[in-house]
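The values are calculated or read from the model by the stated rules, or taken from the named source; none is laboratory data. From a predicted model like this one, the values you see are computed outputs, not experimental measurements. Glycine gets a Cβ as well: all are built from the backbone with ideal geometry, and neighbour counts include every protein chain shown.
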């Protein structure tokens, strides 16, 4: 079960004018699209549950931020919002209860000036095991110092680009080491993020996540969790964190839009305690969202 | 004028069985192809001139090396060679004298196990000005230390992947600084390569290029130039080079498959001498190749 909406652009101005539903089983992209030849585009993935697309405004804001970092045309939020909602409704109508809606904006075809855009929705796999039992992770060096967003903005650290080959290679390295996920560190030793997730640590009644000025993505799901946690009386914070902070944390999670909250049950082969009760409450809070 | 050949894969085994010519103006890729969603694939670009595809065996060898680094299935050289030659012949038959033939292997559609592959050929733009007058370059930090291929192979340094968003951002940064190209440096200060080129320096009768164990591509065009230069009595070498070596060089070039040899005429806004005579001889040698 999958649905695709193709964004319509005015070839004269490059502006998005609307969208139309297409057939996701049929080819839609030219072999010269810069998404396919250069990973030159950006994306977001929002979750769908019980008929609601989650954190859509946060995803649209982050898409706009990535577009600015890559000097792509500013995505028209009205067009993208409508396309994402339409895909979410179509998936729901097909009986999908939990799904993922990915939206992609590329620089278009080589030599052209019109972007390409699409919204693709599909049912999610069953993540209940990851959400309860957790995942084993390895720490891997991302190779960049923590301050590259300031010193070398052309490295696009903190933009959500289509150039994810390294993220996928890191996951293969994790598998080789008997783990299911990765937490990247900066070359100077700070905790960053997972290939497709945000780190969350609990120290007592305090929940913390790495500072976003380290060239990582501002987590849309983590932001919703902080809102929930603050209402529950937790303190929250953005900090410069090290592996020692991870080791001393009462609990750790990797948080992402579609898998939601996955407790970290081992780091580099060393088991660690899982906070099953809070994991369940966090996941329940995410699934209960109506936007 | 463009031509595309699509590689046929056996869905049961994932093995390449042949190819067929397609219509490059029609969509050929699904929106779920990992080339488009993750930049998860590899490529090569060979030049075509006067009916000959250049350095094809070196490109096929490098494609195989990139495939191994990304744990992609080993590309069948016989199938890819035949497809590239067919695209070169079709372009030549269309009257293309100088062209580019790009071949791409991706991990295929998300969730599947069959790769996607194609060969795309098109006429080249006129590079005569870059080949004679040269290009202005800026030095930009690639963010990685020179030894990441050894310490962090998951960063894929030295693989020619489709995840080129950073390379393109670096070229935009160069344009902002009034230059046309980039020479990347390691975070610890060594000269690396351009986003799509290899550095070549001349010190007297000695031609040198950076060592390939720094996480850069082994240049197919630079290799052909070394062969030519050695026959002409030049010494050649692979070295650990710094910006001081660039400043003290008698001449510098960025070398690439399609643009060929572009003399460096300015570095970070400071003009430098161009060796017009040797540039012309190098470009003539490249264009005279019959394979």
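Please determine, by comparing only the residues of segment A:85-110 that are without any contact (Cβ under 8 Å) to a residue 60 or more places away in the chain and within 30 Å of residue B:167 (Cα to Cα), which one is surrounded by the fewest Cβ atoms within 10 Å (Cβ to Cβ). That would be A:102. Selection of segment A:280-291 for residues being surrounded by 14 or more Cβ atoms within 10 Å (Cβ to Cβ) and under 19 Å from the mean Cα position of the chain (by Cα) yields A:282, A:283, A:285, A:286, A:287, A:289. Taking segment B:137-153 as the range and being touching a strand residue (DSSP E or B) at 6+ places or on another chain (Cβ under 7 Å) and buried (at least 24 other Cβ atoms within 10 Å of the Cβ) as the test, the residues that pass are B:137, B:140, B:142.
Residue B:29: at the interface with another protein chain (Cβ under 8 Å from one of its Cβ atoms) and crowded, with 18+ Cβ neighbours inside 10 Å, yes or no? Yes: the conditions hold for residue B:29. Among the conditions (1) in contact (Cβ under 8 Å) with a residue 60 or more places away in the chain; (2) touching a strand residue (DSSP E or B) at 6+ places or on another chain (Cβ under 6 Å); (3) outside the structural domain of residue A:63 (by TED's automatic domain parsing), the only one that residue A:182 does not satisfy is (1). The single condition among (1) free of Cβ contacts under 8 Å to residues at least 60 places away in the same chain; (2) away from chain B (no Cβ under 14 Å); (3) on the phi < 0 side of the Ramachandran plot; (4) in a loop (DSSP other than H, G, I, E, B) that residue A:188 does not meet is (2). Checking each residue in segment A:1-22 for being part of a strand (DSSP E or B), closer than 30 Å to residue A:127 by Cβ and more than 7 Å from chain B (Cβ to nearest Cβ) picks out A:2, A:3, A:5, A:6, A:7, A:19, A:21, A:22.
Residues that are within 16 Å of residue B:286 (Cβ to Cβ) and surrounded by fewer than 22 Cβ atoms within 10 Å (Cβ to Cβ): does segment B:190-198 have at least one? Yes - at least one qualifying residue is present in segment B:190-198. Of all residues in segment A:146-165, those satisfying the criterion of being more than 7 Å from chain B (Cβ to nearest Cβ) and not in a helix (DSSP H, G or I) are A:146, A:147, A:157, A:158, A:159, A:160.
Flag: residue A:280 does not match the condition of being touching a strand residue (DSSP E or B) at 6+ places or on another chain (Cβ under 6 Å) and farther than 29 Å from residue A:145 by Cα.
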